[in-house]
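Below you'll find the structure, written out as structure tokens, and then a few comments.
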Amino acid sequence: MFSLVSGVIGIIAALTIIFLIRRDHLHVRYGLWWIGVAIAFVILGFFPQIIDRLAASLGVAYGPVLALTLGLTVFVIKVLTLDIARSRNETRIIRLVQRIAMLEAEMQRLAASIEPPPAEEAGAKEPAPREAGED
Amino acid sequence: MSPWKDWRERRCIVVIPAHNEQRDIASVVREVRRVSGFPVLVVDDCSTDRTIALAREAGAHVLPLSQQLGAWGALQTGIRHAWRAGYRYALTMDADGQHEPVWMERLFGPVLEGKADVSIGCCVRRGSKLRKLAWILLKAASGLKMEDITSGFRVYNRRAMELLSGHEATLLEFQDVGVLVLLRNAGLHLVDVDVTMLPRTSGSSRVFHSWLVVVYYMAYTLLLGFSKRRVRR
């Protein structure tokens, strides 16, 4: 009975993911991962003996503990990679916002020519290293 | 004899991050312009008051941020801009008037003379006992030796500006420990310069304004200082 429940959960999850991709709520790239999770649920749900056999070969006395431990580990890794990706995105957004501000100021300076850049003032002793190594 | 006249040629800029500082921004900008004659760059961190207009009126060049990036995000924008525009030295100061332009000359000294890459205006007399305890903890965690690690009154040379303009410095939230550790680990020479600071006349510290924020700040900075401790580049 329990195996049937997790198998059904897997099928519902898969359908939900397909629905989310259809409605553009989920990027296909991430949908792939979640479909993988749903398939794992279905397989392990309908064929729980896989886990039992794996547990026996690894010397784990109670199969479901192995399933839960593996599942939790995968989950933690996934959440960690999510936060890594979020940090990267945050860097990108901050640098974009900064760049927009710089361009906005530059536009205004060009439009009004308020203050000439220092390179002109000081007779350009060294070339202004614009863009060097910057995104 | 004032060295300002010689320094005019040295391509220095003053960077001031500001968030809702309409009360003091104009006088700070005017005072800096009057004392040094250096161009002033105000980075506006999404103010909802008249900060931008008042800063422009006072003669500052304004970088308006379209999203609020916080104190360091705004400051980095200014340093990045100054670096791209070819300035060789950048002085940073707060917009609330607690840093006095009269000390600028003293702060610029060691960097312009090539004795240091970064000079930090330190005022150890300020701050409560709790703040001092925080400094001791932060210094112990990060291994920093500066007197006043939270001071935003600093002068950076071009090497420091380049380093701070990079991606590595982008995810920082505060300009103290993270920035100083980054500079130190890159082998830059940092010096303390004794100055006095005025008490804030308006607003409150952007770091120490509520208990929850203080706890977050301490946890953030301790973890950051500790995890970056032994990095050598």
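Some notes on this structure:
- Phi-derived couplings, Karplus 6.51 cos²θ - 1.76 cosθ + 1.60 at θ = phi - 60°, listed residue by residue for the stretch B:47-57: 5, 9, 9, 8, 3, 4, 4, 5, 5, 5, 4 Hz, with x used for Gly and Pro.
- The stretch B:10-81: Cα Rg divided by the 2.2 N^0.38 Å rule of thumb: 1.00
- B:Thr77, B:Thr221 arranged by Cβ crowding within 10 Å, fewest neighbours leading: B:Thr221, B:Thr77
- Amide H contacts of B:Leu63: B:Val42, B:Val43, B:Asp44, each under 5 Å away and 5 or more positions distant or on a separate chain (H built 1.01 Å from N in the peptide plane; Pro and chain starts excluded).
- Other protein chain C-beta atoms within 10 Å of residue C-beta, averaged over A:84-95: 3.
- The radius of gyration of the Cα set in chain B, together with its Dmax, comes out at 16.5, 49 angstrom.
- Cα Rg, Dmax, the protein assembly as shown, angstrom units: 26.6, 92
- Shape box of the stretch B:71-187 [Cα atoms, principal axes, largest first, Å]: 41, 32, 28
- Semi-axes of the equivalent ellipsoid for the stretch A:64-112, Cα gyration tensor, largest first, Å: 47, 4, 4
- Residue among B:Gly70, B:Phe38, B:Tyr217 farthest towards the positive dipole end of the stretch B:7-227, charges placed on Cβ: B:Phe38
- Among B:Met161, B:Leu54, A:Met102 the positive-end extreme of the charge dipole of the protein assembly as shown (Cβ point charges): B:Met161
- Isotropically averaged projected area of the stretch B:81-126, using the convex hull of Cα atoms (one quarter of hull area), nm²: 4.1 nm²
- Phi to ³J(HN,Hα) by Karplus 6.51 cos²θ - 1.76 cosθ + 1.60 over the stretch B:217-227, Hz, x for Gly, Pro: 4, 5, 4, 4, 6, 5, 5, 4, x, 5, 6
- Peptide A:102-112, shielding by other chains (average Cβ, 10 Å cutoff): 3
- Computing Rg and the Kirkwood Rh from the Cα coordinates of the stretch A:1-47 gives a ratio, Rg/Rh, of 1.05.
Each value in this text was obtained by applying a stated rule to the coordinates, not by laboratory testing. Keep in mind that what you see is a predicted model, and the values were worked out from it rather than measured. Ideal geometry is used to build each Cβ from the backbone, glycine not excepted, and the neighbour counts take in all protein chains shown.
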